[in-house]
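Notes follow the structure.
The values are calculated or read from the model by the stated rules, or taken from the named source; none is laboratory data. The shown structure was predicted, so the numbers you read here are calculated from the model rather than taken from an experiment. A quick note on method: Cβ atoms are made from the backbone with ideal geometry, for glycine too, and the neighbour counts reach across all protein chains shown. These accessible areas exclude ligands, DNA and RNA; they are computed on the full protein's heavy atoms, side chains included. Shrake-Rupley method; radii C 1.70, N 1.55, O 1.52, S 1.80 Å.
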Amino acid sequence: MADTTIKAINAAEGRVGGYLVVWGSPQQRDLQGEYFTPDTDLGLDWYEQRPALYHHGLDGDMQATTIGVIDTLKMDQTGLWAEAQLDLRKRYVQAVMRLVDKGALGWSSGSLPHLVQIAGDGQIKRWPIVEGSLTPTPAEPRHTFMEDRL
């Protein structure tokens with residue numbers, strides 16, 4: 001399986017980056033059988049910043065604690081590049097950064113079910129991003145980090 005890890009841009013400052021969304025096709029789907037395209041409505045103009053969570057708030061200890069903020073989102077030919085500033089003062093963030101350093105986490109975007117539209121063939125038509133999660137189990141197994149972005 002390809003590298004899907006989030007990388008530290010500046011570990012001392014808690015800055016991380018990688019692709020939050022990777023473009024796919026009917027032949028290249030995520031583990032849910034779905035795929036994003038450059039035409040997917042990601043709701044990028046809805047908010048200036050989005051919260052960064054750990055594992056979509058599903059971790060028993062951390063729950064939905066905001067561990068940082070996604071402050072950079074840029075679309076390109078690969079997908080949607082995201083950078084986040086993690087709050088190093090928050091409980092558990094140092095442990096999350098250790099997982100980033102080990103290459104154990106990938107990005108996963110979160111939306112709200114009533115806002116999502118998915119075509120019959122799995123193409124994601126609308127997916128307004130309301131949060132981005134650092135997770136050990138991203139739905140997108142393809143390469144989500146590009147060294148030349150840093």
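Observations
- Residue within segment 130-149 that is assigned to a loop (DSSP other than H, G, I, E, B), open to solvent by less than 30 Å² (accessible area, probe 1.4 Å), among the hydroxyl-bearing types (Ser, Thr, Tyr) and closer than 13 Å to VAL21 by Cβ present: yes
- Residues (touching a helix residue (DSSP H, G or I) at 6+ places or on another chain (Cβ under 8 Å) and either farther than 23 Å from ARG126 by Cβ or without any contact (Cβ under 8 Å) to a residue 12 or more places away in the chain (or both)) located in segment 29-68: TYR54, MET62, GLN63, ALA64, THR65, ILE67, GLY68
- The sole residue among ALA104, ALA84, ALA95 that is assigned to a strand (DSSP E or B) and over 18 Å from PRO38 (Cα atoms) is ALA84.
- Test: residue in segment 21-28 that is open to solvent by 70 Å² or more (accessible area, probe 1.4 Å), under 30 Å from GLY120 (Cβ atoms) and not aromatic (Phe, Trp, Tyr): yes
- Cβ-Cβ contacts under 9 Å between residues 6 or more apart (or on different chains), taken from a first residue in segment 110-132 that is in contact (Cβ under 8 Å) with a residue 12 or more places away in the chain to a second residue that is open to solvent by 70 Å² or more (accessible area, probe 1.4 Å) and polar (S, T, N, Q), are listed as GLY122/GLN32; ILE124/GLN117; LYS125/GLN117; ARG126/GLN117; TRP127/GLN117.
- Check on ARG50, charged (D, E, K, R), open to solvent by less than 30 Å² (accessible area, probe 1.4 Å) and either within 17 Å of GLY14 (Cβ to Cβ) or more than 11 Å from the chain's Cα centre (by Cα) (or both): yes
- Residue match in segment 95-102 (condition: under 13 Å from GLY18 (Cβ atoms), open to solvent by less than 30 Å² (accessible area, probe 1.4 Å) and modelled with pLDDT under 95): yes
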